[in-house]
There are 2 protein chains.
Amino acid sequence: MHSPENALDCCIERELVSRAQPVIDALRVAGLSVATAESCTGGLIAAILSHAQNASECLHGGFVAYTKANKAKVLGVDRDLLEMRGAVNVEVARQMAQGALERSPASVAVSVTGVLGPDADEDGNPAGLVYFAVCREGAPTVVSRREFGEMQPDGVRRVAVLHALELLYNSATVTSAIL
Amino acid sequence: MHSPENALDCCIERELVSRAQPVIDALRVAGLSVATAESCTGGLIAAILSHAQNASECLHGGFVAYTKANKAKVLGVDRDLLEMRGAVNVEVARQMAQGALERSPASVAVSVTGVLGPDADEDGNPAGLVYFAVCREGAPTVVSRREFGEMQPDGVRRVAVLHALELLYNSATVTSAIL
């Protein structure tokens, strides 16, 4: 729990905030700029990235697409796909990241769509199942699927944020070596 | 500081998260759905709202427009306005909220643009100056200007989030009585 003394200077868990700087630094070194496309993380990845020094040099911002309707309208995710296969699958993750890349000035985009739980989603996807995608101009799209298993919703949120930051970091570092 | 024991179940300060439920409840009662348009808060308002029970019934998501380029491309804020008057003024706030309303399925949108500090922004706006707007279908746009004064960046972020949530709550409750 936060004590009253530090409640005013810590909106987001410090451990999460501490992960932003290496990602922003790597993006800057690689000459990349980023936009996020978030469903279950609700904007938290962008908010964390915005804490880093010099974030405004390479964080354009992002999209929070919480409902299926917003995924379709804001990010251009195929409505038939959402209707037939739900919002939690690799193709939706891919289209979310692609949509964010096309709709922002960014050169790399990361997406997250999954089920925080504690219950399965309306389409029967289990709690803890999360898909990710990273789209970068001129590079193959990277996708990732994680089954984080049973934990509290905030636990899934947390590990999903960390994995997304890791994918972004990898995109800015590992991938740049092979492009 | 978080203790290791609770680090896994609290990404965002609990006091902030606790403010989400009344807002989501008020929006549901009023039959409204919401999208955010965030600059300096970086997605934190959407992330907080997503913590509430039944959030998916009325939180479509939002837009994080951290750079001027993203404000123009993603939310349609006038480029000349951004160029001539910077990103921190009432008209940019109004256009951000209006843009979010037009570009999402939501019936109400809240925007935030300001200077977290500790330094003034590139256009000379002082740390702690934040503008807000709430656009709701069929209602006059509500704008708000706050000078939060000198505090740490996370302090400005925090009071800006709280004020935005208050404006949303008011839009869903007070305004509905006079429409």
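Computed from the coordinates by the stated procedures, all read-outs in this text should not be read as laboratory data. A quick note: this is a predicted structure, and the numbers were derived from the prediction, not measured. With ideal geometry, Cβ positions are generated from the backbone for all residues, glycine too; neighbour counts draw on all protein chains shown.
General remarks:
- The protein assembly as shown - share of DSSP beta bridges that are antiparallel (%, nearest 5): 60
- The stretch A:111-178: radius of gyration over Cα atoms, expressed as a fraction of 2.2 N^0.38 Å: 1.22
- Cα Rg over Rh - the protein assembly as shown, Kirkwood: 0.94
- Contour excess over end-to-end distance, with Cα ends at B:VAL159 and B:ALA139 and 0.36 nm allotted per residue: 4.7 nm
- In terms of surrounding Cβ atoms within a 10 Å radius of their Cβ, A:SER171, B:SER111, A:SER18, A:SER144 rank from fewest to most as A:SER18, A:SER144, A:SER171, B:SER111.
- Longest to shortest principal axis, alpha-carbon extents of the stretch A:14-173, angstrom: 41, 31, 22
- Once C-alpha pairs closer than 8 Å and six or more residues apart are averaged by separation and normalised to the residue number of the stretch A:14-173, the relative contact order reads 25 percent.
- Partner lysines whose Cα lies under 16 Å from the Cα of B:LYS73, excluding those fewer than 8 positions away in the same chain, are identified as A:LYS73.
- Other residues lying with their Cβ under 10 Å from the Cβ of A:ALA47 contribute a combined charge of -1, Lys and Arg counting +1, Asp and Glu -1.
- Euclidean distance of C-alpha centroids, the stretch A:47-105 and the stretch B:5-75, integer Å: 15
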